[in-house]
1. Under a point spin-label approximation (7 Å from Cα along Cα-to-Cβ), what is the Ser366-Asp304 distance to one decimal in nm?
2. Taking θ = phi - 60°, what integer Hz values does the Karplus form 6.51 cos²θ - 1.76 cosθ + 1.60 yield along the range 186-203, in sequence order, with x for Gly and Pro?
3. How many Å² of accessible area per residue for the range 265-365, probe 1.4 Å?
4. Considering all projection directions equally, how large on average is the shadow of the alpha-carbon convex hull of the range 304-426, in square nanometres?
5. Once amide H atoms are built 1.01 Å from N in the peptide plane, which residues 5 or more positions from Leu203, or in another chain, come under 5 Å H to H?
6. Based on the Cβ-Cβ distance of Glu210 and Asn374, what FRET efficiency does E = 1/(1 + (r/R0)^6) give at R0 = 25 Å, to the nearest 0.05?
7. Kindly report, to the nearest 10 Å², the accessible surface of Cys335 as traced by a 1.4 Å probe over protein heavy atoms only.
8. Please enumerate, by chain and number, the lysines with C-alpha under 25 Å from the C-alpha of Lys277, excluding those fewer than 8 residues away in the same chain.
Amino acid sequence: MSGLADKRRQQIVDAAFSAFTENGYEQTSMSDIAGRAGMGQGTVYRYVDSKREVLDLVFDYAVERLVDTLALDDFLEVVGGTAGIEERNDIIMEGGRRLYALVDQEPALLKLLTVQSAAADKELKQRVLGIQSMLDSYVQRGLDGGRRAGWLAEDAQNHAVLARLLPALVLPGFLLAQSRHDNPGTRERFVSTASQIAESGILRDGVALESSAGHSAAETVDSVHVPVPVAADRRNELLDAALGCFLSDGYHAVGVNEIVERLGVSHGTFYNYYQNKRDLLDALMVREFSAMEPVLSRPVGRLDARQDIENALAQGFTNALEAVAERLPALIFVCTEAAGVDPEALQSIIQFFRFASVRSEQSVYSMIGADRINPSIDTEFLGQAFVSLLVGAVTLVVDDDGRTDRIDEYARAITHFLLYGLNPAP
């Protein structure tokens, strides 16, 4: 029958999407998919060869729904027109509302496209990263249109960097939707604050910060070097061995056998320290988060000169990016693949994000002063925006294969964007 194969395949994709998002890829069997699709396993195998092929089809389907729901082409038409500041602000807010609408309509869609798919295997992890490239192209086209329309200055900071910083502002909203703190009031505050930061930054309008003239330069914050911990004991040696296996073959493909073989120890040694592979994963996440704690923020007294504030913020971002670069493979694994192992792992990531955000918020307020920060900026979102912009810059370091020679440039770009938004510095 004409179209029957496409219809059956779509039934399989719909059933698999439901099963994967509800139970996870590893915990879903072909019999589960067949049952949800209302057909036998033999029928399923007439249209697909394996569960992994089904996951590819589900991923393609999810990307199409993401693009259709966000309607990114509509944004390009508006941005490339004669939109002024108010229209530009509306565009950003509308983008945030569409994202939340997507979360409401398809609560598991974004999770599937990010952490769950990244946890499946290395090939699909690369496809997840490809979504970033797709968004980059849309944002850069929008920025080019804004420059031609006149609302983005010709001398605006590097568009490739801005293309990562603008989407980074949706990260708090995504994590909020995956946590237990999601409600309409918080959503609206987050969307409004993200729009304000993108439009004009966090500084209060009309408040003139003193120039650097006549002031001693702010204390230079020493760069913080965070080396990968030396495996001083067997516990850390097991973590290092497991991480090497996970990075090579993926979490789900690795068992205790592979870990002990890599280290050259017995199973008994493993179980002296960890109950199972999942227990080891928790310990690995704790180790990586603990290593980042010292560089999340550094107490800084109030600074009066604008240049001093810019320098101190940029130095803080530089320190954090350098620390991340030192541990890049481990942190990428923890924040992508490990986060998709189960809901508990994702919640661990979210809790650390919230902790880092609070620390960052305190640092920004102590440095700038509450009286000079726009009072309409939501304080909770300010700290989360700080960390989110850092995450956006980290993706640029990833693109540079971990090179650190452009970290200062990225740190300056984040600082400028946080303080002034898309506007040129005063």
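The values are calculated or read from the model by the stated rules, or taken from the named source; none is laboratory data. In this text the structure is predicted, and so the values were computed from the model without any measurement. Methodologically, a virtual Cβ is constructed for each residue, glycine included, from the backbone with ideal geometry; neighbour enumeration extends over all protein chains shown. Heads up: the accessible areas ignore ligands, DNA and RNA and are worked out on the full protein's heavy atoms, side chains in. Shrake-Rupley method; radii C 1.70, N 1.55, O 1.52, S 1.80 Å.
1. About 2.1 nm separates the two model spin labels.
2. With the stated coefficients, the range 186-203 comes to 5, 4, 5, 5, 5, 5, 5, 5, 4, 5, 5, 5, 5, 6, 9, x, 9, 6 Hz.
3. On the way: 3930 Å² over 101 residues.
Per residue, the range 265-365 has 39 Å² of solvent-accessible surface.
4. Taking a quarter of the hull surface, the average projection is 8.2 nm².
5. Asn374
6. The calculated FRET efficiency here is 0.85.
7. The value for Cys335 is about 60 Å².
8. Output for Lys277: Lys51, Lys111, Lys122, Lys125.
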